[in-house]
Amino acid sequence: MPQATDLAKRLAPAVLRYGLVVLFLWFGFSQVTAPNDWVSWVPIWVPSFTHLDARIVVLLNGGFEVIFGIILFLGVYVRWVAILLALHLFLIAYEIGYNDIGVRDFTLAIACISVALYDGDEWSPVRKFS
């Protein structure tokens, strides 16, 4: 059965990367299509610091997650994109604090770091067509 094990090892980074793509696209599109549902998650200091309405902050955050989720899907600049997304999640986890959601986001940030350490895989659409 060494062939099945080799395939699993080759697939593992792509499964992690594509799982994170689904996460970022789902949350990003949710924020872009229904920003009012997410306004309560914007830290109170952000609108006063940025002078932007909380709804605009949600739209910008959702756009960031959609754009970088697509780039991660394509497999372009995987290391840098994964690092940016990890920093994004670390900030969210810090702002939310030590609770179930904060721990989840911290763990997802660690998953992004794992993708960054691997730096792409053979299953990226860009690598398939280049």
Of the residues in region 49-66, those that are in contact (Cβ under 8 Å) with a residue 24 or more places away in the chain and among the β-branched types (Val, Ile, Thr) come to Val58, Val66
Criterion first (over 17 Å from Val21 (Cβ atoms) and in contact (Cβ under 8 Å) with a residue 12 or more places away in the chain) does Val46 satisfy it? no
Among Ala12, Ala4, the single one that is without any contact (Cβ under 8 Å) to a residue 12 or more places away in the chain, in a helix (DSSP H, G or I) and closer than 25 Å to Arg79 by Cβ is Ala12
Does Ala54 meet the test of being over 21 Å from Val103 (Cα atoms), small (Gly, Ala, Ser), surrounded by 14 or more Cβ atoms within 10 Å (Cβ to Cβ) and touching a Phe, Trp or Tyr at 6+ places or on another chain (Cβ under 8 Å)? no
On the basis of being over 23 Å from Tyr118 (Cβ atoms), of a type in the set (Gly, Ala, Ser) and either out of contact with any His (no Cβ under 9 Å at 6 or more places or on another chain) or surrounded by 13 or more Cβ atoms within 10 Å (Cβ to Cβ) (or both), does Gly63 make the cut? yes
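The numbers here are math on the coordinates, done by the rules we state, and not lab data. These numbers were taken from a predicted model, which means no experiment stands behind them. Ideal geometry is used to build each Cβ from the backbone, glycine not excepted, and the neighbour counts take in all protein chains shown.
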